Every structure is written in C-alpha cells, then in structure tokens.
Amino acid sequence: MLKSVICVSAAFAFLCGICFADKVVLKEGQIITGDILAEKDTTLVVDVGVTVLRIPRDQVQDFEYSEGFEIDRLDANDVNRVAVETTGPTDKLYRTAKLKKTTIEKCVDAVGEAVVKVSTPGGLGSGFFLNEQGYLMTNYHVIERETKIEVTVFHKEKNGFEKTNFKNVKIEAINPFVDLALLKVEDLGDTKIKFAYLGDIDHIRVGEKVFAVGNPLGLERTVTDGVISTKNRAFEGLVYIQTNADINPGNSGGPLFNLAGEVVGVTNMGYIFYGGLGFAIPVDYVKHFIENREAFAYDKDNPNSGYRYIQPDARRKKDKPEFLWSE
C-alpha cells in the first residue's frame, strides 16, 4: 500500500511539474493563464483548458510565455514524455515539445547531434533527424536528380566526435516547389540517434536570437548565430524567414534553431557576397509537407512529368464591352 502511495505521489509530482502556463495580463487587472496558441494582429488566442479564448489585443496590457523545460536538463526519455503531455499523441513523424529558452552553447550541446551531413555524387548539404526511426529533413536541391545518397552522423564521444556513414538512404517524399525532401536512413541497425523538435511559427518574433548548424563548404558541424530579421520575406510566391546568421553553400537543408533548441526553419538560401542575408523555409511549411507526404511521395519509376497552365476559355461574345464605349 505504501509503495502504491509513493508511486502515485511521484507521478502526481511529475505531472504538476509539466503543468506550466502562459500568462496574459488585461488592462483592467485580470490575469488569464493558459496556453497561448497564436498571436494575431488584433487578438490573442489562448487555450485555458475548458475552452479557447480570443482576447482583443486592445484589452491586453502584457503577456508572457511560460519558461517551460530546459532542454539541457532533460534526458531523451524525459523530453519525450514532456512532448506527449504538452502536444498529445506522437504518431506523426516529427515531435514538438514546449522547451525553455537557454543559451546557444547548451542548445548546441543538446541538439547538435541531430544535425547530419547529406552527401551525393554532385555535392553535399545538411539535414536533421525528425525522430528516432531515421527520418530526416533536407532541401530538395541537395538531392536533386540524385539517388545515391549518404548520410553522416556525428556522435559525441569523450575525445570529440565520431563519424558514422550510412549509405542505405531512401527518398520518401520531395517537393521541388518548396525545396524540401524527406529521407529515411534504413541501415541504422542498433545505432541510437538524436532528433530535433519542431517549433511553432506563431511564437517566432522579429529580433529574437537564432542559430544555424550545418556543413558550409564542407566545414562540418559549423554553428552561426544571428537574429530573425523578418519572419515573412516573400520570394516567388513563398514566404521565408530572413536572418542575419551566415548561411553558405553546404548549410542547405540544415536547421535554424531558436534558443529553446527547436527548429523554426530549414536553411536554403543565402547571398554569398553579402553577409547577413540568409533565408530559411518556415517550420509551418515543413510540418505541412511532412503531414501530406503521401501526396509528395517519391517514385523513381514515375518521374515528375512536364506541366503547363490551362488557358481560360476565349470570350464567346466578340463585341467590345459596353463599359469601354466612349461617348
């Protein structure tokens, strides 16, 4: 009986430890606690447990996010439990967890091993693991027109890093228009790997600190840092995160992290001759691509065919429209 009470108490203590909440202070003095789901121009969306509130921004005096969990103080099992408790079932290929912001040094130490080098006969880039099953994300242009792909994993040892190469890499899905590719390492065997958690685009703020990990010009495990210059820079119909963290050839496909060690974007562009102009694919595009991977499934026997836009029907009535007639 005593053992049962102790176990229940321990479980209750752990659950209480993960019951953190964001805080919203209204101008009239009331305080609302819950999970801030989104920051809109005119409203804050807050989950208070029994319902979801939409609070007008003109009634909000201040708000702050809870500190969450420090990624460097949790082992893999603890973080996985936190992810389950805070985000529900983990049947998706990617994981999310509400983690506390810390320093770049601690983040790199915690998530650096999730970043890999992706090599093909045509060149190399970067990528990162999404889960322990070997699924990883990179850019489409890193593996474009290639089927012989090698992934290099860097394991931290007492005297440095040990490299392990995996050559049985399967292309699961590709989307050339968003420049994303989903790969899977199929010869992991008993190798234990670390993976990165995906962040939330709604919690990204202009000016917040971020850092990139990748293999620019083949220089493995390079870390560069900066801030988010803007979160919605438009290029050719798509929106990108702009950052002044250095992004160079070889960084392509690597993660852009926030200070909680969560991936907020996938780096894919940078101006070689102009420092401080780097770009990353926002994490919401990444989630959408993964969740709809069946639509983008790769089939080596059925390559993408050419396409053309269908022209609209010609006008059936050839007369000049009446509103164009001049008196």
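The values are calculated or read from the model by the stated rules, or taken from the named source; none is laboratory data. For clarity, every value in this text was computed on a predicted model and none was experimentally measured. Glycine gets a Cβ as well: all are built from the backbone with ideal geometry, and neighbour counts include every protein chain shown.
Given the criterion within 22 Å of Phe235 (Cα to Cα), surrounded by fewer than 15 Cβ atoms within 10 Å (Cβ to Cβ) and more than 18 Å from the chain's Cα centre (by Cα), identify the matching residue among Glu157, Glu144. First the steps, then the outcome.
On the way: Glu157 fails: within 22 Å of Phe235 (Cα to Cα).
Only one candidate qualifies: Glu144.
Here are some conditions: (1) surrounded by 10 or more Cβ atoms within 10 Å (Cβ to Cβ); (2) at pLDDT below 55; (3) more than 28 Å from Val286 (Cβ to Cβ); (4) of a type in the set (Ser, Thr, Tyr). Thr87 meets all but one. Which one does it not meet?
(3)
Filter segment 55-79 for residues that are loosely packed, with under 13 Cβ neighbours inside 10 Å and closer than 20 Å to Arg205 by Cα; which is modelled with the lowest pLDDT?
So, considering only residues that are loosely packed, with under 13 Cβ neighbours inside 10 Å and closer than 20 Å to Arg205 by Cα, the one modelled with the lowest pLDDT is Glu64.
Considering segment 150-166 alone, what residues qualify as being modelled with pLDDT of 95 or more and over 16 Å from Arg221 (Cα atoms)?
If the condition is that a residue be modelled with pLDDT of 95 or more and over 16 Å from Arg221 (Cα atoms), then Glu150, Phe166 are the ones that fit.
Name the single residue that is nearest to the chain's Cα centre (by Cα) among those in segment 212-232 being within 20 Å of Asn165 (Cβ to Cβ) and among the charged types (D, E, K, R).
So the residue we want is Arg221.
For segment 239-254, give me each residue that is out of contact with any Leu (no Cβ under 9 Å at 6 or more places or on another chain) and either closer than 15 Å to Lys287 by Cβ or of a type in the set (Phe, Trp, Tyr) (or both).
Of everything in segment 239-254, those that are out of contact with any Leu (no Cβ under 9 Å at 6 or more places or on another chain) and either closer than 15 Å to Lys287 by Cβ or of a type in the set (Phe, Trp, Tyr) (or both) turn out to be Val239, Tyr240.
Specify which of the listed residues (Thr164, Thr191) is surrounded by fewer than 20 Cβ atoms within 10 Å (Cβ to Cβ), without any contact (Cβ under 8 Å) to a residue 60 or more places away in the chain and outside any strand (DSSP E or B).
Just one listed residue meets the conditions, Thr191.
Just to be sure I understand, how many residues within segment 194-220 are without any contact (Cβ under 8 Å) to a residue 60 or more places away in the chain and either over 17 Å from Pro282 (Cβ atoms) or of a type in the set (Val, Ile, Thr) (or both)? First the steps, then the outcome.
Here is the first cut: in segment 194-220, the residues without any contact (Cβ under 8 Å) to a residue 60 or more places away in the chain are 205-208, 210, 216-217, 219.
Keeping just the survivors that are either over 17 Å from Pro282 (Cβ atoms) or of a type in the set (Val, Ile, Thr) (or both) gives 206, 210, 216-217, 219.
Matching residues across segment 194-220 total 5.
Can you list residue pairs whose Cβ atoms sit under 8 Å apart, with the first residue in segment 32-52 being closer than 9 Å to Asp202 by Cβ and in a loop (DSSP other than H, G, I, E, B) and the second being at pLDDT 80 or above and of a type outside the set (Lys, Arg)? Count only pairs 6 or more apart in sequence or on different chains.
Note: no pairs meet the criteria.
Could we say that Glu294 is closer than 15 Å to Val115 by Cβ, of a type in the set (Asp, Glu) and at pLDDT 90 or above here?
No: the conditions fail for Glu294.
From Leu124, Leu99, Leu182, Leu136, which residue is closer than 17 Å to Phe296 by Cβ, buried (at least 18 other Cβ atoms within 10 Å of the Cβ), in contact (Cβ under 8 Å) with a residue 60 or more places away in the chain and of a type in the set (A, V, I, L, M)? Working first, answer last.
Values: Leu124 fails: closer than 17 Å to Phe296 by Cβ; Leu99 fails: closer than 17 Å to Phe296 by Cβ; Leu136 fails: in contact (Cβ under 8 Å) with a residue 60 or more places away in the chain.
From the options Leu124, Leu99, Leu182, Leu136, the qualifying one is Leu182.
Please go through segment 171-187 and give me each residue that is of a type in the set (D, E, K, R) and either within 23 Å of Arg221 (Cα to Cα) or outside any strand (DSSP E or B) (or both), ordered by number.
Asp179, Lys184, Glu186, Asp187
Please work out which residue is nearest to Val153 (Cα to Cα), limiting yourself to segment 225-263 and to residues that are β-branched (Val, Ile, Thr) and either without any contact (Cβ under 8 Å) to a residue 40 or more places away in the chain or touching a Lys or Arg at 6+ places or on another chain (Cβ under 9 Å) (or both).
Keep residues of segment 225-263 that are β-branched (Val, Ile, Thr), which gives 227-228, 230, 239, 241, 243, 247, 263.
With either without any contact (Cβ under 8 Å) to a residue 40 or more places away in the chain or touching a Lys or Arg at 6+ places or on another chain (Cβ under 9 Å) (or both) added as a condition, the list becomes 227-228, 230, 239, 241, 243, 247.
Values: Val227: 27, Ile228: 28, Thr230: 32, Val239: 30, Ile241: 27, Thr243: 26, Ile247: 21 Å.
The extreme case among them is Ile247.
Looking only at residues that are among the small types (Gly, Ala, Ser) and surrounded by 15 or more Cβ atoms within 10 Å (Cβ to Cβ) in segment 194-211, which one is farthest from the chain's Cα centre (by Cα)?
Initial filter on segment 194-211 (among the small types (Gly, Ala, Ser)): 196, 199, 207.
Next, from what is left, pick out any that are surrounded by 15 or more Cβ atoms within 10 Å (Cβ to Cβ): 196, 199.
Values: Ala196: 8, Gly199: 5 Å.
In this case the residue turns out to be Ala196.
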